[in-house]
Every structure is written in C-alpha cells, then in structure tokens.
Amino acid sequence: QTCLTKAYEFKKVTVSGTEWSVSDSKKGQYSASDAKDSDFPMPRYPVVDEPIAVGECIRGWVLFLVSANADVGLLKFRPGFGDPAFWATT
C-alpha cells in the first residue's frame, strides 16, 4: 500500500510496480513483473503509472518472477517522490 501524505510542488505524483524490486543473497535483482496470471491474488498494484492524490492510498499485490532457488532477502521501494524504503524479508 502506498499513501501520499503531502504534496510535491510542481510534480504530478504517480505510483507503479516499477518502483518495487527484490534482491537475493547473491545480489541478483528482480523487478516487479507485468505478467498477467489469473491465479495471482487481486487487487494488483498498478503496473503502469497511476496518479495518486494527497490523502489517497493505493493498495495491491506486486508480482515478482524469481528463480526457484533464489534466496530473496530484501524488498525495495523507490518511489518517484519521497525517500526510498527497504525491508528485510527473512
């Protein structure tokens, strides 16, 4: 979920899955996928730029296609606004 809590002067703010990525223990990087899988949970996080207004939240699942033997250890969020965020997944 991404919520916009303040305005950014002279900047239209959008969110998309391209802002999300994961990395594995061998420094492999995996970007969010735009694959259309009917078995994937809904709602999907926007795949392409979706405008967001101050006070609005956009929520959905992000799909990552990773190697079966990948040891994913870090989730990254790098928005086009504000500061990036990182979460350990283990």
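The values are calculated or read from the model by the stated rules, or taken from the named source; none is laboratory data. On a predicted model such as this, the values are computed, not experimentally measured, just so you know. Positions of Cβ are backbone-derived with ideal geometry, glycine not excepted, and every protein chain shown enters the neighbour counts. For accessibility, only protein heavy atoms count, side chains too; no ligands or nucleic acids. Shrake-Rupley method; radii C 1.70, N 1.55, O 1.52, S 1.80 Å.
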VAL47 part of a loop (DSSP other than H, G, I, E, B) and of a type outside the set (S, T, N, Q):
yes
Residues of segment 7-35 being over 18 Å from ALA68 (Cβ atoms) and open to solvent by less than 40 Å² (accessible area, probe 1.4 Å), in sequence order, are VAL13, THR14, VAL15, SER16, GLY17, GLU19, TRP20, SER21, ALA32
Checking THR18 against (1) touching a strand residue (DSSP E or B) at 6+ places or on another chain (Cβ under 6 Å); (2) outside any loop (DSSP other than H, G, I, E, B), which test does it fail?
(1)
Cβ-Cβ distance below 6 Å, separation of 6 or more or different chains: which pairs start in segment 18-29 with a residue that is touching a residue at least 24 places away in the same chain (Cβ under 8 Å) and farther than 10 Å from GLY73 by Cβ and end on one that is among the charged types (D, E, K, R) and assigned to a loop (DSSP other than H, G, I, E, B)?
GLU19/ARG78
Filter segment 36-90 down to residues that are more than 19 Å from ASP24 (Cβ to Cβ) and acidic (Asp, Glu) and give me whichever is surrounded by the fewest Cβ atoms within 10 Å (Cβ to Cβ).
ASP39
